[in-house]
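Read through the structure below, which is laid out as structure tokens, and then see the notes.
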Amino acid sequence: MNNKSDEVRADFYRRIDQHHLFPLWEQLHNLVPKEPADACIGALWRYRELRPYLTEAGRLITAEEAIRRVLVLENPAIRGAASITTSLYAGLQMILPGEIAPSHRHSQSALRFVVEGRGAFTAVDGERTTMEPGDFIITPSWTWHDHGNPTEAEGGEPVIWLDGLDIPMVRFFGAGFAENYEEPVQPLTRPEGNSLARYGMNLLPVRHASRSKTSPIFNYPYSRTRETLDTLLRQDQVDPWDGVKMRYINPQTGSWAMPTIAAFMQILPRGFSGQTYRNTDATVFSVVQGKGSVSIAGQRHEFEARDIFVVPSWAAVSFHANEECVLFSFSDRPVQEALGILRESRETH
Ligand code: 1HN
């Protein structure tokens, strides 16, 4: 059957290589693996270890000079790509009292999850919102946004949040644009709380007809998210894989808050020992509260409040909660769903 010698084939490969060609039959199994072979690995960042570097960055550069003072969390298996998963970016951003991060906009969608400190604000499309720990804040694609923090005299304190952006995804599609606003701070056109009153109370203005891809709510306050989780933890059955897990939605459509990034919040009761699952959407977690551990592809990582960890695509994952734990997470699930390629598997034993 095999009547061509290895040397004859090797010579053929060398000759076609000069024309930027290669034989599919040597690579087919890698290009279309039997199951996902994510380039990313599971990893955990201890906030206790990172926090001093943020303080140091605060002495090194101002928010205004940096534009955004961020330490980027890179997946250890794909260093240099500014990616925590193959499709998503994550970073820890700090803004000190009296600082501003100047206004700009870009095609990339962003989420902020407030990790430490309160009272800083972010402005999106003419409205400000004040940041509290645990708040989930979104910056839709191509909306002007800037951040600021009251001075120390006004009661300002360092505020740190986790940024999640679809940078690798937009780069993949070659669809990224960006521009700076002509002033450092954009003008405000609506009072604080306006979007939440209009769209965040299970009501919509009577003639509201828009079904935009991004939620018109841009701050989902932690106080309300937490109250929901606490109520459901008391009243509902706890899911053996997820505990009580909710997703953030766009109230106009019932779909995800953003078209490219899904976000979730879950609570695990004290002593919870979860079953194992796998999802094709690699997921970034931020620990809001509690001590516990996560097993990712057979490796156990202990976590505590403010730690960040990443679960690669199709890695077996399960949680254990030593104390009541609250976990925020985000992934590229909306895109995988839209493309019809999302897969989930829940193991039972
Ligand atoms: C950005 O605009 C922010 O607005 C944070 O806070 C991180 C990373 C890359 C590109 C733009 C922000 C970013 C970013």
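Filter the stretch 94-153 down to the residues that are open to solvent by 30 Å² or more (accessible area, probe 1.4 Å), over 16 Å from Arg190 (Cβ atoms) and of a type in the set (S, T, N, Q) and list them by number.
Gln108, Ser141, Thr151
What number goes with the only condition from (1) over 30 Å from Ser215 (Cβ atoms); (2) away from the ligand (no atom under 15 Å from the Cβ) that Thr62 does not pass?
Failed condition: (2).
Suppose the filter is outside any loop (DSSP other than H, G, I, E, B), open to solvent by 20 Å² or more (accessible area, probe 1.4 Å) and among the charged types (D, E, K, R); does Arg270 pass it?
Numbers: outside any loop (DSSP other than H, G, I, E, B): no; open to solvent by 20 Å² or more (accessible area, probe 1.4 Å): yes; among the charged types (D, E, K, R): yes.
Spelling it out, it is not the case that Arg270 is outside any loop (DSSP other than H, G, I, E, B), open to solvent by 20 Å² or more (accessible area, probe 1.4 Å) and among the charged types (D, E, K, R).
Restricting the search to the stretch 21-61, which residues are open to solvent by less than 100 Å² (accessible area, probe 1.4 Å) and touching a Leu at 6+ places or on another chain (Cβ under 8 Å)?
The answer is Leu24, Trp45, Leu50, Leu54, Ala57, Gly58.
Tally time: how many residues in the stretch 175-220 are part of a helix (DSSP H, G or I) and closer than 18 Å to Trp142 by Cα?
To start, the set of residues in the stretch 175-220 that are part of a helix (DSSP H, G or I) comprises 194-199.
Of the ones still in play, those that are also closer than 18 Å to Trp142 by Cα are 195.
Residues that pass the stated criteria total 1.
Which pairs turn up if I take residues in the stretch 187-214 that are of a type in the set (S, T, N, Q) and look for partners that are assigned to a loop (DSSP other than H, G, I, E, B) and surrounded by 10 or more Cβ atoms within 10 Å (Cβ to Cβ) with beta carbon separation below 6 Å, at least 6 apart in sequence or on another chain?
Thr189/Gly126; Ser195/Pro216; Ser195/Ile217; Ser195/Phe218; Thr214/Pro140; Thr214/Met258
For the stretch 76-93, which positions are open to solvent by 10 Å² or more (accessible area, probe 1.4 Å) and near the ligand (Cβ under 10 Å from one of its atoms)? Show your work before the answer.
Narrowing the stretch 76-93 to residues open to solvent by 10 Å² or more (accessible area, probe 1.4 Å): 76-82, 86-87, 89.
Residues satisfying the conditions are Ala82, Tyr89.
So, restricting to strands (runs of 3 or more DSSP E) that lie completely within the stretch 302-343, which ones have at least 1 residues that are within 27 Å of Ile167 (Cβ to Cβ) and at pLDDT below 95? Please lay out each step first, then the result.
Numbers: elements: 308-311, 317-321, 325-331.
Counting at least 1 such residues, we get no strands (runs of 3 or more DSSP E) at all.
Considering only residues of the stretch 107-125 that are within 17 Å of the chain's Cα centre (by Cα) and of a type outside the set (Val, Ile, Thr), which is farthest from the ligand (Cβ to nearest atom)?
Our first condition is that a residue be within 17 Å of the chain's Cα centre (by Cα); within the stretch 107-125, this holds for 107-116.
After this cut, where a residue has to be of a type outside the set (Val, Ile, Thr) as well, the list is 107-113, 116.
On the way: Ser107: 10, Gln108: 6, Ser109: 10, Ala110: 6, Leu111: 10, Arg112: 7, Phe113: 12, Glu116: 16 Å.
For the stretch 107-125, the residue satisfying everything is Glu116.
Would you check if there is a residue in the stretch 182-205 being closer than 30 Å to Val244 by Cβ, open to solvent by less than 70 Å² (accessible area, probe 1.4 Å) and in contact with a Lys or Arg (Cβ under 9 Å, 6 or more places away or on another chain)?
Yes, some residue in the stretch 182-205 is closer than 30 Å to Val244 by Cβ, open to solvent by less than 70 Å² (accessible area, probe 1.4 Å) and in contact with a Lys or Arg (Cβ under 9 Å, 6 or more places away or on another chain).
Among the residues of the stretch 278-321 satisfying the criterion of being more than 17 Å from the chain's Cα centre (by Cα) and acidic (Asp, Glu), which is least open to solvent (accessible area, probe 1.4 Å)?
Across the stretch 278-321, the extreme among qualifying residues is Glu304.
Between a residue in the stretch 266-288 that is under 25 Å from Leu73 (Cα atoms) and any residue that is open to solvent by 20 Å² or more (accessible area, probe 1.4 Å) and part of a strand (DSSP E or B), which pairs come within a Cβ distance under 6 Å, given they are 6 or more apart or on different chains?
Filtered contacts from the stretch 266-288: Gln266/Lys245; Tyr277/Arg346; Arg278/Ser345; Asn279/Glu344.
Hey, any hits in the stretch 42-63 for a residue that's closer than 24 Å to Phe218 by Cβ and among the hydrophobic types (A, V, I, L, M, F, W, C)? Explain how you work it out, then say what you get.
So the first thing to find is which residues in the stretch 42-63 are closer than 24 Å to Phe218 by Cβ, and the list is 63.
Add one more test, that the residue is among the hydrophobic types (A, V, I, L, M, F, W, C), and what stays is 63.
Yes.
Mind listing just one residue for me: the one in the stretch 155-176 that is touching a residue at least 24 places away in the same chain (Cβ under 8 Å), away from the ligand (no atom under 12 Å from the Cβ) and not aliphatic (A, V, I, L, M) and, of those, nearest to Ile95 (Cα to Cα)?
Of everything passing the filter in the stretch 155-176, Pro158 is nearest to Ile95 (Cα to Cα).
For the stretch 238-253, enumerate the residues that are touching a helix residue (DSSP H, G or I) at 6+ places or on another chain (Cβ under 6 Å) and in a strand (DSSP E or B).
Looking only at the stretch 238-253, we keep the residues that are touching a helix residue (DSSP H, G or I) at 6+ places or on another chain (Cβ under 6 Å), and these are 244, 251.
Answer for the stretch 238-253, where residues must be touching a helix residue (DSSP H, G or I) at 6+ places or on another chain (Cβ under 6 Å) and in a strand (DSSP E or B): just Val244.
The values are calculated or read from the model by the stated rules, or taken from the named source; none is laboratory data. None of the values given here were measured: they were computed from a predicted structure. Note that each Cβ is placed from the backbone with ideal geometry, even for glycine, and that neighbours are counted across all protein chains shown. Ligands, DNA and RNA are stripped out before the accessible areas are found, and what is left, the full protein with its side chains, is counted by its heavy atoms. Shrake-Rupley method; radii C 1.70, N 1.55, O 1.52, S 1.80 Å.
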